[in-house]
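> Got a structure here, written out as structure tokens. Questions coming.
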Amino acid sequence: MIHLEKLPLTQEDLDQYRFKAQKKSRPSLLGGHVGRRKGQSLAFREYAPYQFGDDLRHVDWRASARYRGSKDWLVRRFVAEEQFKLVISIDTRPTMNLPTPISKLQVAFWLAESLTRIALPAENSVVWHHLFGHTEVQELRDSRALKRVPQTIHQFATITNSDRQVNLDSLQKHLPPAAIWLIITDLYFNFDKQSERLAQRIREAQDGSRWVILLELDSWPYEKDKLGLGPRELKGIDFIPEPNRLQIGKEMIAEVDRRIEKHKSQFLEAVEPAGSNRVHWKWPASTSYTSATFKKQFNADKKLQQLFMRDK
Amino acid sequence: MIFVWLMGGFIGLMVVIHMARPHYKEHCLSQAQFFVDLTTVVETERRWRPGNPLRSYALPLRLLFLLLLLVAFWLTFAERISGQVDMRQTVGVWLLMDTSASMSAVQNGQTRMEWGQLEASLAIAHALEAAEGSDICFRLSTFDMARRNLHSQADPSLLLNLLSQLTPRPLGTDVSLVRTIAGELSLDDGDMEDNIETGCPVTHLLVITDLPAPDWLAEINSVPIIWRDIAVPVANVGFTDLYAIRDPITGLVNNVHLEVTAFGVPPASVQVTVEGPTGRIIMDEQITDWTGAQVWRNSFTPDEEGAYQLRLSPGGAYAYDDVAEITIQGLGQLSVDWQLTDTTLPNLLNWHVVSGSQDLRVVAYDRPSDSTVPTLFVGNSYEHLANQPKSILDFDEGSPLLTDVNLDAVEQLGLTGPELSTDFIPVLRGEDDSIWLAQRRNPPAAYVPGLPVFRDDNLGRFSTLVFLNAVHWLVQQQPTIPLYTLTSPDQPELGDGRLALHSGEGNTATFPFSQGELDDLQPIRTQHEGRPVWHMLLSLAAAIFLVERGLAAYGGGRWR
């Protein structure tokens, strides 16, 4: 069971975020994503001259009267609501439990909860999914499911695993065309047959008109700064390198920099072109990650805002 | 001093080692996998850093471990050295002086206590002479029926002073006390602790008494025991036994028996005088014939209650058995308020029938029962026996009325029983709920089915037995007062009915038998050593070592 801090954003903050995003148009549908129009919302957008086929119930007679003759009826147009399914895959392997005090997993949960709380009031559905392991997904369908969010997070947080098996079987039916697949990970999983399967699935999703966003949580700048130089005894959550007592020097740090980049690039190259939809969240190097850091990063992220923008 | 330097050197070395070794700070990284096999770039620099020892949690443990090891090593060495040094010549005399009543016997013009004090002063002088240049110390205890420790570490002058104040007490002698002390000395731990506490290690046990050395001395091998019997056989005549001959039913004193014993050569004539409470001479006998075991026995019949003075003249060397004062209470016949028409029984038992007697009242069962005088209610059941046996319903097993009663035989009698008042507790009941025997505690009363029938059958034996049981219980409600009591460690003073007729104290004619001589009080090499502690330190060091290793294995880098 992971101990989770309370989401630093309120529902009001998130509603504001959605309204602001909805005022903007999505610049382009990257990754072949197609928004699906379905019905109309109650949000008034503009008046327009009546055209054959318009719903007579939407004619604003008073406004038409003011608008001169009876031939020019005015009908109310509403903001079209684009409803989508957001699939959030969270990497819950042990490395996500670091660093302290705010772990990558904590940020992943904050992020997932924020997006869920933005998506659900707009009648979108959200799916929570463990990227690794064998667990079933948790699906929240519409605004009524908003109150089930804490329970869903709690159930989801009880499961962390070091299982290297990519959890793709349970995901199949939850990735219809036009779905958005957000993968939150630190990319520290091994590049092997399992991760190759994941890369292949990402590519297939992309080809099937799903929008895949790879959100990388990168705490290395912060952990590197905290590690410093000198004699150190290294440990991971469930992993101890051999040898684990090292004299950390600049050369060694440079070598590790290189190893990390190489490790990530192996996977990112395998998932191209989804790699272009990569969102890179870095931990600040010299200060601890806090809830304020999260708020700032979340509000500043243009890519995530696009999820809730209108299509042109 | 060399050990201090050695210890400091080792500790300093350990601190230097901790200064030289790098302190590996523990760090948990999510990128730990990327540090695998980075040995090629491990920097092996070693720097002198004063902070390193402070950061190492293990250093204090290691220093403590080292310190304990060094101290334990030093102690083993020091204890060995100190043991050799303390192997010194010592005379530690534990003097046990007999203060029993027989030490008051006079021999050669002085009491045995005075002879004992003289022997003790001689012993002290011998010990002082023998311990020239050695340590010497004295402990003083006395024994009679109890042991008294007077001083645990007395110098000779104090010891002589204490000895001079000793006087015999009118008590017997418990020689087992000496054996107990000897036994204590054979228990090494207890002895050593005792010795350490008192500061006087006992090398010799000197017993000064008028009793011959017992056989069990040979079994004691803890310390040499010098047993000095200062007795000289002297003749003595004394009372050795005084007891009352009492009525078996009532417990009242009928006669007083005297026993006078002569120890050694008896005098030609000894006068025995018994003086009654009013000063009347009840017995005045001359003992001239000491045939047999030199024991003279006689008795007298007291005619009134009170204190009787018994005297022997001449009494011999031991004075405590020459005179005795005894107290007689409860005397003569039983007076009975016999309210039955048949007076055969009281005449037969020589009871004094007095109307209104407070000793015992015998009445028919249907008479009022409210008197406070012990009352025996007599029924008439023996005249109305059933023709067939009756089983017993229940009985009070602890009742004195059933003493020696054969219940199987009772069932054959076919007894019947009357109605009794409710304050009676049934003692024996028949199957038809008829009460055969009953008693009442307060005021004391008993019910029996009838008077003894004087027949040689079950009914005769039962009727006599339960009648006498009932009378015995009723008249024994008052405790029997003994003629005298013996002195005891709690009440060693004579008077108030206490005598000093302790067994063997008057036998002053035995030949002395000592074991050991005062010349045996020679210095003995003793080893003064406390309880060794080095092994405890070693155990502690081992425990710390285990803890340190455990923490090094599982406690993380700060413990390495």
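> Out of the residues in segment A:113-130 meeting the condition of being surrounded by fewer than 20 Cβ atoms within 10 Å (Cβ to Cβ) and not in a helix (DSSP H, G or I), tell me which one is modelled with the lowest pLDDT. Step through it out loud before you land on a result.
Of the residues in segment A:113-130, the ones surrounded by fewer than 20 Cβ atoms within 10 Å (Cβ to Cβ) are A:121-123, A:125.
Then drop every residue that is not not in a helix (DSSP H, G or I), which leaves A:123, A:125.
On the way: A:123: 84, A:125: 90.
Looking at the filtered set, the residue picked out is A:123.
> Just for strands (runs of 3 or more DSSP E) wholly inside segment B:233-328: which have at least 1 residues that are without any contact (Cβ under 8 Å) to a residue 60 or more places away in the chain and at positive phi? Working first, answer last.
On the way: elements: B:236-246, B:253-263, B:270-275, B:281-287, B:295-300, B:306-313, B:323-328.
Those strands (runs of 3 or more DSSP E) span B:306-313.
> If you don't mind, another one. Which pairs do you get when a residue that is more than 17 Å from residue B:249 (Cα to Cα), found in segment B:389-413, comes within reach of a residue that is open to solvent by less than 50 Å² (accessible area, probe 1.4 Å) and assigned to a loop (DSSP other than H, G, I, E, B), reach meaning Cβ atoms under 6 angstrom, with the pair 6+ apart or on two chains?
Final answer for the pair search is B:389/B:414; B:390/B:414.
> Which residue is farthest from the other protein chains (Cβ to nearest Cβ), if the candidates are limited to segment A:271-281 and must be modelled with pLDDT under 85 and open to solvent by 10 Å² or more (accessible area, probe 1.4 Å)?
Only one residue tops the list, namely A:273.
> Still on this structure, please answer the following. Among the numbered criteria (1) closer than 22 Å to residue A:95 by Cβ; (2) assigned to a loop (DSSP other than H, G, I, E, B), which one does residue A:153 miss?
It is condition (2) that residue A:153 fails.
> Based on this model, can you work out whether residue B:30 counts as outside any helix (DSSP H, G or I) and at pLDDT 85 or above? Break it down into steps so the answer makes sense when it comes.
Values: outside any helix (DSSP H, G or I): yes; at pLDDT 85 or above: yes.
Judged against the criteria, residue B:30 is a match.
> Tell me the residue from A:145, A:108, A:65 that is at pLDDT below 85, among the aliphatic types (A, V, I, L, M) and assigned to a helix (DSSP H, G or I), please.
Details: A:145 fails: at pLDDT below 85; A:108 fails: at pLDDT below 85.
Going through A:145, A:108, A:65 in turn, just one is at pLDDT below 85, among the aliphatic types (A, V, I, L, M) and assigned to a helix (DSSP H, G or I): A:65.
> Could you tell me whether any residue of segment B:489-509 is within 30 Å of residue B:135 (Cβ to Cβ), surrounded by 17 or more Cβ atoms within 10 Å (Cβ to Cβ) and at pLDDT 85 or above? Reasoning before the result, please.
In the first step, residues of segment B:489-509 are kept if they are within 30 Å of residue B:135 (Cβ to Cβ); the result is none.
Among the residues of segment B:489-509, not one is within 30 Å of residue B:135 (Cβ to Cβ), surrounded by 17 or more Cβ atoms within 10 Å (Cβ to Cβ) and at pLDDT 85 or above, which makes the answer no.
> Somewhere in segment B:154-162, is a residue closer than 30 Å to residue B:501 by Cβ, open to solvent by 10 Å² or more (accessible area, probe 1.4 Å) and at pLDDT 90 or above? Before you say what the answer is, go through the steps one by one.
Residues of segment B:154-162 closer than 30 Å to residue B:501 by Cβ: B:162.
Next cut, open to solvent by 10 Å² or more (accessible area, probe 1.4 Å) only: B:162.
With at pLDDT 90 or above added as a condition, the list becomes B:162.
For segment B:154-162, residues closer than 30 Å to residue B:501 by Cβ, open to solvent by 10 Å² or more (accessible area, probe 1.4 Å) and at pLDDT 90 or above: present.
> Would you call residue B:449 closer than 26 Å to residue B:334 by Cα and in contact (Cβ under 8 Å) with a residue 60 or more places away in the chain? Spell out how you get there, then give the answer.
Working: closer than 26 Å to residue B:334 by Cα: yes; in contact (Cβ under 8 Å) with a residue 60 or more places away in the chain: yes.
Yes, satisfied.
> Take the residues in segment A:90-141 that are in contact (Cβ under 8 Å) with a residue 40 or more places away in the chain and among the basic types (Lys, Arg), then tell me which one is farthest from residue A:7 (Cα to Cα).
A:93
> Looking only at residues in segment B:129-144 that are in contact with a Ser or Thr (Cβ under 7 Å, 6 or more places away or on another chain) and either among the hydroxyl-bearing types (Ser, Thr, Tyr) or open to solvent by 20 Å² or more (accessible area, probe 1.4 Å) (or both), which one is nearest to residue B:164 (Cα to Cα)?
That would be B:142.
> If residue A:239 satisfies every condition in (1) open to solvent by 20 Å² or more (accessible area, probe 1.4 Å); (2) more than 10 Å from chain B (Cβ to nearest Cβ) but one, which is the exception?
Going through (1) open to solvent by 20 Å² or more (accessible area, probe 1.4 Å); (2) more than 10 Å from chain B (Cβ to nearest Cβ) one by one, residue A:239 breaks only (2).
> Does segment B:104-128 hold any residues that are open to solvent by 50 Å² or more (accessible area, probe 1.4 Å) and not in a helix (DSSP H, G or I), and which are they?
B:106, B:108, B:109, B:110
> Which residues, counting only those in segment A:83-100, are facing chain B (nearest Cβ under 10 Å) and either under 18 Å from the mean Cα position of the chain (by Cα) or surrounded by 24 or more Cβ atoms within 10 Å (Cβ to Cβ) (or both)? Lay out the reasoning, then the answer.
Restricting attention to segment A:83-100, the residues satisfying the condition of being facing chain B (nearest Cβ under 10 Å) are A:93-100.
A:93, A:95, A:96, listed by residue number.
> Something else now. Would you mention how many residues in segment A:243-270 are facing chain B (nearest Cβ under 8 Å) and of a type in the set (Gly, Ala, Ser)?
Number satisfying all stated conditions: 1.
> Take the conditions within 11 Å of chain B (Cβ to nearest Cβ) and hydroxyl-bearing (Ser, Thr, Tyr) and apply them to residue A:209. Does it pass? Full working, then the answer.
On the way: within 11 Å of chain B (Cβ to nearest Cβ): no; hydroxyl-bearing (Ser, Thr, Tyr): yes.
Answer is no for this residue.
The values are calculated or read from the model by the stated rules, or taken from the named source; none is laboratory data. This structure is a prediction, so every number in the text was calculated from the model and none was measured. We place every Cβ from the backbone using ideal geometry, glycine too, and count neighbours over all the protein chains shown. Each accessible area value is taken on the protein alone, full model and side chains, heavy atoms only, with ligands, DNA and RNA left out. Shrake-Rupley method; radii C 1.70, N 1.55, O 1.52, S 1.80 Å.
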